[in-house]
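Throughout, read-outs are computed from the coordinates displayed, never taken from laboratory work. In this text, all values refer to a predicted model and were calculated from it rather than measured experimentally. Positions of Cβ are backbone-derived with ideal geometry, glycine not excepted, and every protein chain shown enters the neighbour counts.
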């Protein structure tokens, strides 16, 4: 599945999430932030890599621009999020993009592997709806409002 909410905003976000309910909550929570953002959503790791490497459906860079931030689940079909992260951080053209792991897994080995592969942040999704929305609000404030990254100013 591929969706996008594009307004021509300053900040581009690639959301890699196979759970459609979680994706919808994340998209809705990010829409309310002061920094306008365009959200591109793909539902598996293979599509994420195709998007980032401009393969297949994603060849047109004007329609599918590189993101400024990636929100990445790790438990996904086809290619795991940890494998996606490893490929991003091994790429000269992609490694500068901040990758925020956003997952239900709090397994010590997943956290360790994510940081060994240079994840910029590792966040565990709370089961409780209110806590989940609070987490997304904090993520939005930090990464979209407070974090300073010159790449966002292109």
What is the distance in Å between the Cα centroid of the stretch 9-28 and that of the stretch 34-111? 11 Å
Quick one: which of 120-129, 77-86, 55-64 comes out on top by average Cβ neighbours within 10 Å, and what's the full order, highest first? 77-86, 120-129, 55-64
Per q in 0.24, 0.29 Å⁻¹, report the Debye log10 I(q)/I(0) for the stretch 34-90, using one uniform scatterer on each alpha carbon and no solvent. -1.02, -1.30
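Hey, what's the per residue convex hull volume over the C-alpha atoms of the stretch 73-139, in cubic angstrom?
Working: hull volume 5.8 nm³, N = 67.
Spread over its residues, the Cα hull of the stretch 73-139 gives 87 Å³ apiece.
Estimate the FRET efficiency between residue 95 and residue 31 by the formula 1/(1 + (r/R0)^6), using the beta-carbon distance for r and 30 Å for R0, to the nearest 0.05.
On the way: r = 28 Å, r/R0 = 0.94.
With a Förster radius of 30 Å, E is 0.60.
At 0.36 nm per residue, and after removing the present C-alpha to C-alpha distance, how many nm does the segment from residue 59 to residue 127 gain when stretched out fully?
Details: separation 68, 0.36 × 68 = 24.48 nm, distance 3.65 nm.
Result for the pair: 20.8 nm of gain on full extension.
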